[in-house]
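Engineer: Quick one: the structure is below, questions incoming.
The values are calculated or read from the model by the stated rules, or taken from the named source; none is laboratory data. Everything numeric in this text was worked out from a predicted model, so none of it was measured. All Cβ positions, glycine included, derive from the backbone under ideal geometry; neighbour counts span all protein chains shown. Calculation scope for accessible area: heavy atoms of the full protein, side chains included, ligands and nucleic acids excluded. Shrake-Rupley method; radii C 1.70, N 1.55, O 1.52, S 1.80 Å.
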Amino acid sequence: MGTGYSMKAKGSSVAEVYIYEDIGKRFGGVSDKQFAVDLKALGPVSTIHVRLNSYGGDVFEGLAIYRLLADHPATVVAFIDGIAASIASEIGRAHV
């Protein structure tokens, strides 16, 4: 995992996720396993802001990240801050 990924709670109800790198362990980016651990560690939040700037990466890990967000009870709002190509564009659709 590179330095372009972070996830943290901003207060008690909002969390902010930055994915400013490739998706997937084999590309040196955020893995689905790490994402799942971090998402669980947030605790109960009502809103998750996902900020994306990624060329994509591993389709299978990206789909798992998408599913983790789509299944989360919080409202997910995605922001494309630069580019969301390939599988990153699907992660950006988790709020739909």
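Engineer: Of all residues in region 85-96, which are over 10 Å from the mean Cα position of the chain (by Cα) and either under 16 Å from F35 (Cβ atoms) or at pLDDT below 95 (or both)?
Structural biologist: The answer is I87, E90, R93, H95, V96.
Engineer: Mind telling me which of the residues G92, G43 ends up being touching a residue at least 40 places away in the same chain (Cβ under 8 Å) and out of contact with any Asp or Glu (no Cβ under 6 Å at 6 or more places or on another chain)?
Structural biologist: After ruling out the rest, the residue left standing is G92.
Engineer: Scan region 18-58 for residues that are open to solvent by less than 30 Å² (accessible area, probe 1.4 Å) and in contact with a Leu (Cβ under 8 Å, 6 or more places away or on another chain) and report the count.
Structural biologist: Residues that pass the stated criteria total 5.
Engineer: Taking into account only those residues within region 59-96 that are within 19 Å of S31 (Cα to Cα) and among the hydroxyl-bearing types (S, T, Y), which is surrounded by the most Cβ atoms within 10 Å (Cβ to Cβ)?
Structural biologist: Of everything passing the filter in region 59-96, Y66 is surrounded by the most Cβ atoms within 10 Å (Cβ to Cβ).
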